[in-house]
1. Out of the strands (runs of 3 or more DSSP E) lying entirely within segment 1-40, which hold 1 or more residues that are modelled with pLDDT under 95, hydroxyl-bearing (Ser, Thr, Tyr) and surrounded by 12 or more Cβ atoms within 10 Å (Cβ to Cβ)?
2. Every residue in segment 168-188 that is free of Cβ contacts under 8 Å to residues at least 24 places away in the same chain and of a type in the set (Gly, Ala, Ser), please.
3. Are there helices (runs of 4 or more DSSP H) fully within segment 86-164 with at least 2 residues that are closer than 30 Å to Pro193 by Cβ and modelled with pLDDT of 95 or more? List them.
4. Name the pairs whose Cβ atoms lie under 7 Å apart, with the first residue in segment 248-272 and farther than 18 Å from Leu136 by Cβ and touching a residue at least 40 places away in the same chain (Cβ under 8 Å), the second part of a helix (DSSP H, G or I) and charged (D, E, K, R), and 6 or more positions between them or separate chains?
5. Out of the residues in segment 204-227 that are among the charged types (D, E, K, R) and not in a helix (DSSP H, G or I), state the one that is most open to solvent (accessible area, probe 1.4 Å).
6. Report yes if Gly228 is closer than 29 Å to Val269 by Cα, at pLDDT 95 or above and out of contact with any Lys or Arg (no Cβ under 7 Å at 6 or more places or on another chain), otherwise no.
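The values are calculated or read from the model by the stated rules, or taken from the named source; none is laboratory data. Because the structure is a prediction, the values reported are computed rather than measured. Every residue, glycine as well, gets a Cβ built from its backbone with ideal geometry; the counts of neighbours run over all protein chains shown. Each accessible area value is taken on the protein alone, full model and side chains, heavy atoms only, with ligands, DNA and RNA left out. Shrake-Rupley method; radii C 1.70, N 1.55, O 1.52, S 1.80 Å.
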Amino acid sequence: MTTAPTGEHRLTEEHRLTGEPELVEHTVRTTLGPITVSEAGTGPVLVMLHGGGPGASAVANYHQNLPALTGHFRVVLPDQPGFGGSYRPTEEDLDARSITEITVDALLQTLDALGIDRFHLLGNSLGGAAAIATALTAPERVEKLVLMAPGGGWLPFGPTPTEGQKAMFRYYNGEGPTLKKMRDFIGVMTAEPKRWADTAQARYEASLDESHVAFYHRYNAAFAKRHGMDPLWQRVHRITAPTLLLWGRDDRTITLDGAQLMLKQLRDVQLHVFGGCGHWVQLERQAAFERLVTDFLKED
């Protein structure tokens with residue numbers, strides 16, 4: 001049973017100094033467990049799904065984009081199951097269904113509780129897989145789709161796991177998480193890691209949450225059992241929503257070569273590739289990302 005969300009306004013000193021908009025945080029009780037959602041802005045709904053790296057959450061991944069996007073959209077930022085403030089799927093949960101299937105179920109219940117019927121949907125990496133699966137599961141609800149190097153929809157031509165996937169597997173193994181490992185992880189995720197050195201400490205601290213660490217071990221084990229992400233690439237031709245693909249040419253996690261299948265199979269699609277950019281387009285090419293997303297979603 002899904003219950004109505006509780007809301008709490010969060011306007012921190014950091015938001016005041018950076019000019020970031022006020023966030024309202026909800027906890028939505030789904031049949032799977034509680035989902036934490038932050039939102040800001042008014043207008044058409046834009047749901048933004050974060051990636052699956054250690055310490056990831058919706059606000060952490062997209063906070064820098066909110067000043068530009070909330071002037072045009074009601075931006076809804078759910079923490080996916082296993083991440084941020086949301087519940088942690090058990091081993092039994094991950095044996096029964098993939099993390100993508102779990103996320104789609106939780107997401108649709110959450111949006112129902114928030115009274116959101118139709119929406120634009122954006123996802124990066126793991127969140128891109130959930131975005132694809134949502135567009136396939138509930139096509140009547142997704143108006144437009146923005147996919148940033150999405151998992152599952154991509155069929156690589158090179159060896160797997162990729163360098164970025166290996167970095168995610170290594171992070172919690174061995175001696176466990178360290179600040180050096182997080183810096184190394186960011187070095188693989190981005191094309192110019194020195195530009196993002198100041199993000200390592202916050203991301204490292206977020207990755208230390210004990211329940212998240214335990215979930216991540218279960219998540220990696222389930223990933224190995226299932227031999228990777230769900231093969232959503234087999235069904236992307238069924239997506240009806242107009243789709244914008246955004247990719248870093250130098251992405252070492254979900255590599256650009258795999259985009260060709262999506263470009264061929266999606267019915268209404270356009271692709272923008274950023275040179276000198278890795279896996280985090282929304283950060284590495286922030287201004288262009290915000291402009292392209294806004295223009296694409298607002299055009300008739």
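1. Numbers: elements: 3-10, 23-29, 34-40.
Output list reads 3-10.
2. Selection gives Gly174, Gly187.
3. Working: elements: 91-96, 99-113, 126-137.
Answer list for segment 86-164: 99-113, 126-137.
4. As it stands, the answer is Gly248/Glu284; Arg252/Glu163, since those pairs meet every condition given.
5. Narrowing segment 204-227 to residues among the charged types (D, E, K, R): 205, 209-210, 218, 225-226.
Those left that are additionally not in a helix (DSSP H, G or I): 209, 226.
On the way: Asp209: 66, Arg226: 90 Å².
Ranking the qualifying residues of segment 204-227, first place goes to Arg226.
6. no
Yes/no matrix, rows are residues, columns are (1) crowded, with 21+ Cβ neighbours inside 10 Å; (2) at negative phi; (3) without any contact (Cβ under 8 Å) to a residue 60 or more places away in the chain:
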position	(1), (2), (3)
Leu49	yes, yes, no
Pro54	yes, yes, no
Thr70	no, yes, yes
Gln80	yes, yes, yes
Arg97	no, yes, yes
Gln109	no, yes, no
Asp117	no, yes, yes
Leu121	yes, yes, no
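Matching residues to (1) surrounded by 21 or more Cβ atoms within 10 Å (Cβ to Cβ); (2) touching a Lys or Arg at 6+ places or on another chain (Cβ under 7 Å):
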| position | (1), (2) |
| --- | --- |
| Ala202 | no, no |
| Leu245 | yes, no |
| Asp251 | yes, no |
| Phe274 | no, yes |
| Val281 | yes, no |
